[in-house]
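Asks: Shown below is the structure under consideration.
The values are calculated or read from the model by the stated rules, or taken from the named source; none is laboratory data. Quantities reported herein were computed from a predicted structural model and do not represent experimental measurements. Because the Cβ atoms are built from the backbone with ideal geometry, glycine has one as well, and the counts that use them run over all protein chains shown. What goes into the accessible areas is simple: the full protein's heavy atoms, side chains included, and nothing from ligands, DNA or RNA. Shrake-Rupley method; radii C 1.70, N 1.55, O 1.52, S 1.80 Å.
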Amino acid sequence: MRFLELHLPAYGPFTDVVLDLSQGEEGLHVLYGPNEAGKSSALRAIHALLFGIHGRTTDNFLHAYGDLRVGARLGLGDGTEHFFWRVKRNKEALRDANDQPVEEQMLAQLLGGVTDTVFADAFGLDHDRLVRGGEALLAGGGKAGESLF
(Lines give C-alpha, C1' and ligand atoms only; values in the text may rest on other atoms or scores of the structure.)
Protein backbone atom coordinates (compact mmCIF):
# COMPACT_ATOMS: atom_id res chain seq x y z
CA MET A 1 0.00 0.00 0.00
CA ARG A 2 1.27 3.45 -0.90
CA PHE A 3 0.00 6.93 -0.07
CA LEU A 4 -0.69 8.81 -3.30
CA GLU A 5 -2.29 11.85 -1.65
CA LEU A 6 -2.80 12.99 1.91
CA HIS A 7 -5.82 15.24 2.39
CA LEU A 8 -5.87 17.55 5.40
CA PRO A 9 -9.07 19.58 5.13
CA ALA A 10 -9.36 20.10 8.89
CA TYR A 11 -6.67 18.61 11.10
CA GLY A 12 -4.16 20.21 13.43
CA PRO A 13 -2.80 23.38 11.84
CA PHE A 14 -4.05 22.41 8.37
CA THR A 15 -7.06 23.68 6.47
CA ASP A 16 -7.76 22.44 2.94
CA VAL A 17 -4.25 21.08 2.35
CA VAL A 18 -3.46 18.23 -0.05
CA LEU A 19 0.00 16.67 -0.19
CA ASP A 20 0.64 15.00 -3.55
CA LEU A 21 2.81 11.94 -2.91
CA SER A 22 2.13 10.22 -6.22
CA GLN A 23 5.42 11.04 -7.94
CA GLY A 24 8.54 8.91 -7.82
CA GLU A 25 9.10 5.21 -8.12
CA GLU A 26 10.98 4.45 -4.92
CA GLY A 27 8.08 4.91 -2.51
CA LEU A 28 9.94 7.15 -0.08
CA HIS A 29 8.97 10.72 0.62
CA VAL A 30 10.74 12.91 3.12
CA LEU A 31 8.85 15.83 4.59
CA TYR A 32 11.07 18.50 6.06
CA GLY A 33 10.63 22.03 7.22
CA PRO A 34 11.25 24.42 10.07
CA ASN A 35 9.90 23.90 13.57
CA GLU A 36 6.13 24.29 13.80
CA ALA A 37 5.68 23.69 10.04
CA GLY A 38 3.30 20.78 10.68
CA LYS A 39 5.53 17.73 10.11
CA SER A 40 4.51 16.00 13.34
CA SER A 41 0.88 16.99 12.80
CA ALA A 42 0.96 15.37 9.35
CA LEU A 43 2.38 12.18 10.87
CA ARG A 44 -0.34 12.18 13.53
CA ALA A 45 -2.92 12.72 10.78
CA ILE A 46 -1.69 9.63 8.93
CA HIS A 47 -1.85 7.62 12.15
CA ALA A 48 -5.35 8.98 12.83
CA LEU A 49 -6.53 8.07 9.33
CA LEU A 50 -5.30 4.52 9.61
CA PHE A 51 -6.22 3.77 13.22
CA GLY A 52 -8.74 6.37 14.37
CA ILE A 53 -8.64 9.88 15.78
CA HIS A 54 -7.82 9.62 19.46
CA GLY A 55 -10.70 10.59 21.73
CA ARG A 56 -8.63 13.29 23.41
CA THR A 57 -6.55 14.42 20.48
CA THR A 58 -4.75 17.73 20.84
CA ASP A 59 -5.06 18.33 17.09
CA ASN A 60 -8.26 20.31 17.54
CA PHE A 61 -6.53 23.63 18.26
CA LEU A 62 -7.70 25.15 14.97
CA HIS A 63 -10.76 23.03 14.18
CA ALA A 64 -13.47 21.80 16.57
CA TYR A 65 -13.51 18.09 17.45
CA GLY A 66 -16.57 17.47 15.31
CA ASP A 67 -14.91 19.07 12.27
CA LEU A 68 -11.66 17.06 12.30
CA ARG A 69 -11.17 15.20 9.02
CA VAL A 70 -8.24 13.57 7.28
CA GLY A 71 -8.21 11.55 4.06
CA ALA A 72 -5.94 9.77 1.64
CA ARG A 73 -5.83 8.26 -1.79
CA LEU A 74 -4.04 4.94 -1.45
CA GLY A 75 -2.51 2.86 -4.22
CA LEU A 76 -2.17 -0.90 -4.02
CA GLY A 77 0.38 -3.14 -5.65
CA ASP A 78 -2.19 -4.44 -8.12
CA GLY A 79 -2.77 -0.93 -9.50
CA THR A 80 -6.09 -0.30 -7.78
CA GLU A 81 -6.72 2.79 -5.70
CA HIS A 82 -8.87 3.47 -2.67
CA PHE A 83 -9.88 6.75 -1.07
CA PHE A 84 -10.75 6.97 2.62
CA TRP A 85 -11.79 9.74 4.97
CA ARG A 86 -11.53 9.56 8.74
CA VAL A 87 -13.73 11.87 10.79
CA LYS A 88 -13.87 12.44 14.54
CA ARG A 89 -16.82 10.41 15.79
CA ASN A 90 -17.49 7.25 17.78
CA LYS A 91 -19.30 5.28 15.08
CA GLU A 92 -18.83 5.05 11.33
CA ALA A 93 -15.76 7.26 11.45
CA LEU A 94 -14.14 5.64 8.39
CA ARG A 95 -15.76 6.89 5.18
CA ASP A 96 -15.32 6.34 1.46
CA ALA A 97 -14.87 8.99 -1.24
CA ASN A 98 -18.66 9.56 -1.26
CA ASP A 99 -18.69 10.01 2.54
CA GLN A 100 -20.43 6.66 3.06
CA PRO A 101 -19.41 4.43 6.01
CA VAL A 102 -16.72 1.84 5.38
CA GLU A 103 -16.07 -1.20 7.57
CA GLU A 104 -12.84 -0.85 9.55
CA GLN A 105 -11.94 -4.38 8.50
CA MET A 106 -11.47 -3.23 4.89
CA LEU A 107 -8.72 -0.81 5.86
CA ALA A 108 -7.25 -3.36 8.28
CA GLN A 109 -6.92 -5.82 5.38
CA LEU A 110 -5.11 -3.22 3.29
CA LEU A 111 -2.72 -2.68 6.21
CA GLY A 112 -1.82 -6.38 6.12
CA GLY A 113 -1.70 -6.84 9.87
CA VAL A 114 0.15 -3.65 10.69
CA THR A 115 -1.21 -2.44 14.03
CA ASP A 116 -1.08 1.08 15.39
CA THR A 117 1.87 0.11 17.62
CA VAL A 118 3.80 -1.44 14.74
CA PHE A 119 3.06 1.59 12.58
CA ALA A 120 4.26 4.01 15.26
CA ASP A 121 7.44 2.00 15.84
CA ALA A 122 8.25 1.48 12.16
CA PHE A 123 7.08 4.71 10.56
CA GLY A 124 6.46 7.14 13.40
CA LEU A 125 9.98 8.37 13.87
CA ASP A 126 9.84 11.77 15.40
CA HIS A 127 12.35 13.77 17.39
CA ASP A 128 11.35 12.29 20.75
CA ARG A 129 11.61 8.69 19.51
CA LEU A 130 15.00 9.36 17.94
CA VAL A 131 16.33 10.88 21.16
CA ARG A 132 15.00 7.99 23.27
CA GLY A 133 16.45 5.44 20.85
CA GLY A 134 19.84 7.13 20.87
CA GLU A 135 19.88 7.27 24.64
CA ALA A 136 18.95 3.58 24.83
CA LEU A 137 21.78 2.67 22.45
CA LEU A 138 24.27 4.70 24.45
CA ALA A 139 23.11 3.23 27.75
CA GLY A 140 23.18 -0.31 26.41
CA GLY A 141 26.57 -0.06 24.75
CA GLY A 142 27.48 -3.36 23.19
CA LYS A 143 27.67 -4.19 19.49
CA ALA A 144 24.72 -2.01 18.44
CA GLY A 145 26.21 1.07 20.10
CA GLU A 146 29.66 0.33 18.76
CA SER A 147 28.39 -0.13 15.22
CA LEU A 148 26.79 3.31 15.25
CA PHE A 149 29.79 5.10 16.71
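Asks: For region 91-122, which residues satisfy the criterion of being assigned to a helix (DSSP H, G or I) and without any contact (Cβ under 8 Å) to a residue 40 or more places away in the chain?
Replies: Within region 91-122, GLU104, GLN105, MET106, ALA108, GLN109, THR117, VAL118, ASP121, ALA122 meet the criteria.
Asks: Which residue out of GLY75, GLY71 is within 18 Å of LEU4 (Cβ to Cβ) and either at pLDDT 95 or above or of a type in the set (Phe, Trp, Tyr) (or both)? Before you say what the answer is, go through the steps one by one.
Replies: Working: GLY75 fails: either at pLDDT 95 or above or of a type in the set (Phe, Trp, Tyr) (or both).
It is GLY71.
Asks: Right, something else. For the list (1) within 23 Å of ARG129 (Cα to Cα); (2) in contact (Cβ under 8 Å) with a residue 40 or more places away in the chain; (3) part of a loop (DSSP other than H, G, I, E, B); (4) open to solvent by 30 Å² or more (accessible area, probe 1.4 Å), I need the number of the one condition that PRO34 fails.
Replies: Of the numbered conditions (1) within 23 Å of ARG129 (Cα to Cα); (2) in contact (Cβ under 8 Å) with a residue 40 or more places away in the chain; (3) part of a loop (DSSP other than H, G, I, E, B); (4) open to solvent by 30 Å² or more (accessible area, probe 1.4 Å), the odd one out for PRO34 is (2).
Asks: Are any residues in region 1-23 without any contact (Cβ under 8 Å) to a residue 60 or more places away in the chain and either under 20 Å from GLY124 (Cβ atoms) or open to solvent by 40 Å² or more (accessible area, probe 1.4 Å) (or both), and if so, which ones?
Replies: Within region 1-23, TYR11, GLY12, PRO13, PHE14, THR15, ASP16, VAL17, VAL18, LEU19, ASP20, LEU21, GLN23 meet the criteria.
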